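The block underneath contains the structure these notes are about, expressed in structure tokens.
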Amino acid sequence: HGPYGEDGTIQGLLELAGVPYVGSGVLASAAAMDKSVARVLLAAAGIPVTAAVVVRAARWAKDEAGVTEQVRALGLPVFVKPARGGSSIGISRVADLADLAVAVEQALRCDPKVLVEAAVVGREVECGILQDEAGEPQASVPAEVRLVGDHDFYDFEAKYLDDATELDCPAELDPEVTGRLQAMARQAYDVLDCEGLARVDFFVGPDGGLTVNEVNTMPGFTPTSMFP
């Protein structure tokens, strides 16, 4: 899970060693792990993704003002996250541009490439994908994450440490929205060339609009994780 686990590196090692393994191969693992790359591939296939700005360490060092103006154009609040991180480590919610620098610096400590994403108004709904024996990706019923504790967003503590979330499975969604969400989850799985299993995370807007947040090629399997 995370770097050197679901990012294509250990998959490449296993390929070279001729060792069978579960899940996606090198390409899908690396592409899904890098949120800035994944969103480009998904958007090219017509899948809605969040508006975002990619910030690399070198540019931040020499053009902090220019980056700040790009982020201002996204509108506030924004979420600042390592581009190739996981489990919400290094992620900050920024509601005031005065806090942007601290958030970017924190994310840069985890990854030299940072993604700043516009906040999306909507429910957090996730869909598991499991490939059947014929090679077809089958979508689970969608499940919703609801924050019930004192957290601004679904951060590491909310995911793993606190009694801060409730999971509704299946999520209370209109059947038409559920059908579109499952179809888009399968499409995202195929676009990134995933194999075996994955979890596709969505924001579902008040009007039923769908936005893909990310694709996890090796979902969590803790007692509070959504895939199981």
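Excluding same-chain neighbours fewer than eight residues apart, the aspartates and glutamates reachable from Lys62 by a Cα-Cα span under 20 Å are Asp99, Glu105, Asp111. Per residue, the accessible area of the chain comes to 49 Å² when a 1.4 Å probe rolls over the protein heavy atoms. Taking the charge dipole of segment 45-98 about its Cα centre, with +1 at Lys and Arg Cβ atoms and -1 at Asp and Glu Cβ atoms, the residue from Ala65, Pro77, Ala51 reaching farthest to the positive side is Ala51. When GluC sites (Glu not before Pro) are flagged only if DSSP places them in a loop and at most 12 other Cβ atoms lie within 10 Å, the longest unflagged stretch of the chain comes out as 1-132. Using Cβ point charges alone (K and R +1, D and E -1), the dipole size of the chain about the Cα centre works out to roughly 800 debye. Considering only chymotrypsin sites (Phe, Trp or Tyr not before Pro) in DSSP loops that have at most 14 other Cβ atoms within 10 Å, the longest stretch of the chain without any of them is 22-152. A Förster radius of 25 Å combined with the Cβ-Cβ distance from Leu97 to Ala44 puts the calculated FRET efficiency at roughly 0.25. By the helix-only formula, in which each DSSP H run with n ≥ 4 contributes -39500 (n - 2.57) and the sum is divided by residues, the chain has a 222 nm mean residue ellipticity of -9000 deg cm²/dmol. Within the chain, the proportion of Cα pairs with more than 29 Å between them is 26 percent. Computed over protein heavy atoms with a 1.4 angstrom probe, the accessible surface ordering of Val22, Val141, largest first, is Val22, Val141.
For segment 35-129, the list of trypsin sites (Lys or Arg not before Pro) that fall in a loop by DSSP and count at most 16 other C-beta atoms within 10 angstrom reads Arg109. Computed from backbone phi, the HN-Hα couplings of segment 122-130 come to x, 7, 8, 10, 10, 9, x, 10, 9 Hz, rounded to whole numbers (Karplus: 6.51 cos²θ - 1.76 cosθ + 1.60, θ = phi - 60°; Gly and Pro given as x). Pairs of Cα atoms nearer than 8 Å and 6+ residues apart set the relative contact order; for segment 25-153 it is 23 percent. For the chain, the residue among Val22, Thr224, Thr165 whose Cα projects farthest onto the positive side of the dipole built from Cβ charges is Val22.
Estimated from the Cβ-Cβ distance and a Förster radius of 22 angstrom, the FRET efficiency linking Ala118 and Ala61 is about 0.40. Measuring nothing but protein heavy atoms, the accessible surface of the chain at 1.4 Å probe radius is 54 percent carbon and sulfur.
The values are calculated or read from the model by the stated rules, or taken from the named source; none is laboratory data. Because the structure is a prediction, the values reported are computed rather than measured. Here Cβ is always computed from backbone atoms with ideal geometry, including for glycine, and neighbour counts include all displayed protein chains. Surface accessibility is based on the protein's heavy atoms, side chains included, excluding ligands, DNA and RNA. Shrake-Rupley method; radii C 1.70, N 1.55, O 1.52, S 1.80 Å.
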